[in-house]
Amino acid sequence: MKPILGILQKKILDTIPAGISIASGASGTEVIHNARAAEFLRIQPWEDFAFKSGENQSVKLYHNGKELTPAGLPLNRSAWKGETVKGIEIDFIWDDGVRKTAVWNANPLFDENGLIIGAVAIFEEITALKQAEEALQV
């Protein structure tokens, strides 16, 4: 993958207390993640990692109890369709039982001709909040 970001840009993005994922190209098949996103996703910072169909991935993603396909993910909706996505709550459930929840926002990135060249998604983890809400309901 051709480097999208320089060292200074990565350092700046790593200081932001939110997860940031950046897809390059309209296909959105190459996706990198800042340190906060990588921690949430349980991968290495700036590792190229995208959720894809047909692959044996150790995590499943759900929105309102329904499993998401890659086409339903906020970052992909922005990269593939040019959509702006706001406030989508997604549950991540790993095979080892770890469960995390985050609220996602995503925007497409356009070149000077108006063509989609990628997308950026920003999310805030709300796992602790969801767990507190569930505990109050018991």
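The values are calculated or read from the model by the stated rules, or taken from the named source; none is laboratory data. Because the structure is a prediction, the values reported are computed rather than measured. All Cβ positions, even for glycine, are placed from backbone atoms using ideal geometry, and neighbour counts span all protein chains on display. Heads up: the accessible areas ignore ligands, DNA and RNA and are worked out on the full protein's heavy atoms, side chains in. Shrake-Rupley method; radii C 1.70, N 1.55, O 1.52, S 1.80 Å.
Does any residue of the stretch 86-98 turn out to be closer than 21 Å to Ala35 by Cβ, within 11 Å of the chain's Cα centre (by Cα) and not in a helix (DSSP H, G or I)? Checked against the condition, which is being closer than 21 Å to Ala35 by Cβ, within 11 Å of the chain's Cα centre (by Cα) and not in a helix (DSSP H, G or I), the stretch 86-98 yields at least one hit. Within the stretch 112-138, residues that are under 15 Å from Thr84 (Cα atoms) have Cβ atoms under 8 Å from residues that are modelled with pLDDT under 95 and surrounded by fewer than 10 Cβ atoms within 10 Å (Cβ to Cβ) in these pairs: Ile117/Asp111, counting only partners at least 6 apart in sequence or on another chain.
Among the residues of the stretch 45-85, write down those that are hydroxyl-bearing (Ser, Thr, Tyr), free of Cβ contacts under 8 Å to residues at least 24 places away in the same chain and not in a loop (DSSP other than H, G, I, E, B).
Restricting attention to the stretch 45-85, the residues satisfying the condition of being hydroxyl-bearing (Ser, Thr, Tyr) are 53, 58, 62, 69, 78, 84.
With free of Cβ contacts under 8 Å to residues at least 24 places away in the same chain added as a condition, the list becomes 53, 69.
None; the set is empty.
Taken over the stretch 1-43, the criterion of being of a type outside the set (A, V, I, L, M, F, W, C), modelled with pLDDT under 90 and touching a helix residue (DSSP H, G or I) at 6+ places or on another chain (Cβ under 8 Å) is satisfied by Asp14, Pro17, Gly25, Ser27, Gly28. Filtering Leu136, Leu109 for residues that are open to solvent by 20 Å² or more (accessible area, probe 1.4 Å), of a type outside the set (Phe, Trp, Tyr), assigned to a strand (DSSP E or B) and more than 16 Å from Gly19 (Cβ to Cβ) leaves a single hit, Leu109. Of the numbered criteria (1) loosely packed, with under 13 Cβ neighbours inside 10 Å; (2) farther than 15 Å from Ile93 by Cα; (3) at pLDDT below 90, the one Ala71 fails is (3).
Just to be sure, is Lys100 touching a Phe, Trp or Tyr at 6+ places or on another chain (Cβ under 9 Å), open to solvent by 60 Å² or more (accessible area, probe 1.4 Å), among the basic types (Lys, Arg) and touching a residue at least 12 places away in the same chain (Cβ under 8 Å)?
Working: touching a Phe, Trp or Tyr at 6+ places or on another chain (Cβ under 9 Å): yes; open to solvent by 60 Å² or more (accessible area, probe 1.4 Å): no; among the basic types (Lys, Arg): yes; touching a residue at least 12 places away in the same chain (Cβ under 8 Å): yes.
When the stated conditions are applied, Lys100 does not pass them.
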